[in-house]
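Asker: Structure incoming, see below.
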Amino acid sequence: MSSREEILGRVRAGLQRNATNAGAGREVMAAALSSSSQGPKPVFDAAPQALLERFRVKSELQSSTVDRVAADGDVPAAIARYLTDMKLPKTAVVQPVLASLDWVGAGLTVEARGARDADLVGITGCFCAVAETGTLMMCSSADTPAAVSLLPETHIAVVRASRIVAYMEDAWDLARKELGKLPRAVNFISGPSRTGDIEQTIVLGAHGPYRVHLVIVDA
């Protein structure tokens, strides 16, 4: 018996679960999840432009930088400008979901795949964004490998204005509605990786990218 089977066996024994009552137990859990009430939330303007502005402000407070473009076709040029301004390489790994954009026309060399240790710049989309906290919700899939947002030193995320929701609860509701089955991994990203473990001094990039740039697409 594996350690996993042993642990799950103890849990089943503690809950007195068996083949006879497992179905009833699943029904109880499903009912509890579907009827769960939401806790108190801050009140703010939920109009689309207000959500966009709140997301921008909160993102910048989390040490992200933010740019804004009119349409998808403007994204590669905006990213090229950012890389030039930051004196970063014009090569990047990009999530396959964004591979069809005209990266070559913007002077960028990209590879659509998961990230590796040597990749310095990673370009991703996001499932949605949370205005309350300036947070990206990343859902893993074959077209959106999680490593692209986690391994490179610089993470550039493309955010659609229409996918900015007010609260974390709204993000989960959207995932349940659109994805049906939740993905293998869901990551929430609020600015660059940071830690204050050593003498309570904040250090960026301790466990992931130390630079996060957001390109918001209005269309």
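The values are calculated or read from the model by the stated rules, or taken from the named source; none is laboratory data. All figures in this text were calculated on a predicted structure; none of them were measured in a lab. Cβ coordinates were reconstructed from backbone atoms using ideal geometry, including for glycine residues, and neighbour counts include every protein chain displayed.
Asker: Take segment 26-73 and flag every residue that is assigned by TED's automatic domain parsing to the domain that holds Cys128, among the charged types (D, E, K, R) and assigned to a helix (DSSP H, G or I).
Answerer: Glu53, Arg54, Arg56, Lys58, Glu60, Asp72, listed by residue number.
Asker: Go over the candidates Ser141, Ser162 one by one and state the one that is loosely packed, with under 15 Cβ neighbours inside 10 Å and either touching a residue at least 24 places away in the same chain (Cβ under 8 Å) or of a type outside the set (D, E, K, R) (or both).
Answerer: None of the other options fit; the residue is Ser162.
Asker: Could I ask something else about it? Can you tell me which residue within segment 169-193, out of those that are among the aliphatic types (A, V, I, L, M) and not in a helix (DSSP H, G or I), is nearest to Arg56 (Cα to Cα)?
Answerer: Result: Ile189.
Asker: Out of curiosity, is Ala70 of a type in the set (Gly, Ala, Ser), touching a residue at least 40 places away in the same chain (Cβ under 8 Å) and exposed (fewer than 15 other Cβ atoms within 10 Å of the Cβ)?
Answerer: Considered against the rule, which asks whether it is of a type in the set (Gly, Ala, Ser), touching a residue at least 40 places away in the same chain (Cβ under 8 Å) and exposed (fewer than 15 other Cβ atoms within 10 Å of the Cβ), Ala70 comes out as yes.
Asker: Quick one: is Val121 under 20 Å from Arg194 (Cα atoms) and in contact with a Phe, Trp or Tyr (Cβ under 8 Å, 6 or more places away or on another chain)?
Answerer: no
Asker: Suppose we filter Thr124, Thr154, Thr133 for residues that are surrounded by fewer than 20 Cβ atoms within 10 Å (Cβ to Cβ) and among the β-branched types (Val, Ile, Thr); which single one remains?
Answerer: Thr133
Asker: Name the residue that is surrounded by the fewest Cβ atoms within 10 Å (Cβ to Cβ), counting only residues in segment 12-58 that are aliphatic (A, V, I, L, M) and at pLDDT 90 or above.
Answerer: By that ranking, first place goes to Val43.
Asker: Taking the stated definitions as given, is Ile79 farther than 30 Å from Ile216 by Cβ and either aliphatic (A, V, I, L, M) or modelled with pLDDT of 95 or more (or both)?
Answerer: Here the answer is no, as Ile79 does not meet what is asked.
Asker: Could I ask something else about it? Can we say Leu136 is over 15 Å from the mean Cα position of the chain (by Cα) and of a type in the set (A, V, I, L, M, F, W, C)?
Answerer: Spelling it out, it is not the case that Leu136 is over 15 Å from the mean Cα position of the chain (by Cα) and of a type in the set (A, V, I, L, M, F, W, C).
Asker: Given (1) outside any loop (DSSP other than H, G, I, E, B); (2) modelled with pLDDT under 95; (3) not aliphatic (A, V, I, L, M), identify the lone condition not met by Ser162.
Answerer: (2)
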